[in-house]
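Remarks on the structure that follows.
The values are calculated or read from the model by the stated rules, or taken from the named source; none is laboratory data. The shown structure was predicted, so the numbers you read here are calculated from the model rather than taken from an experiment. Ideal geometry is used to build each Cβ from the backbone, glycine not excepted, and the neighbour counts take in all protein chains shown.
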Amino acid sequence: MRKNLGIISSVLFLMALVSWLPIYVDVKSFSEQSVFYATGGVVTGLFSSPSGYKFIGLIGNGLVLVFLVVLPYFF
């Protein structure tokens, strides 16, 4: 079961990226979805067994959260 959590984390990272793309067209409602997906991806990545999927999910979802939550407060 823990092995599947890494795959789920990577899939949530891809979903966060896809829902993040419409932000560049001035659609702000999708940013909430991508923050939700990225947060879920980080949580599932933390509980998964060590694998490549875990690291892809943690780093990718972490970067999405940094770009959507942390950086807008500085600019």
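Miscellaneous remarks
- Figure legend. Inter-residue proximity from the stretch 25-49: first residues more than 29 Å from Met1 (Cβ to Cβ), second residues part of a helix (DSSP H, G or I) and at pLDDT below 95, beta-carbon distance below 6 Å, spacing 6+ or different chains. Indicated pairs: Phe30/Ser19; Phe30/Pro22; Ser31/Ile23; Ser31/Leu68.
- The chain holds helices (runs of 4 or more DSSP H) entirely within its bounds, and those carrying 2 or more residues that are under 11 Å from the mean Cα position of the chain (by Cα) and modelled with pLDDT under 90 map to 2-20, 29-47.
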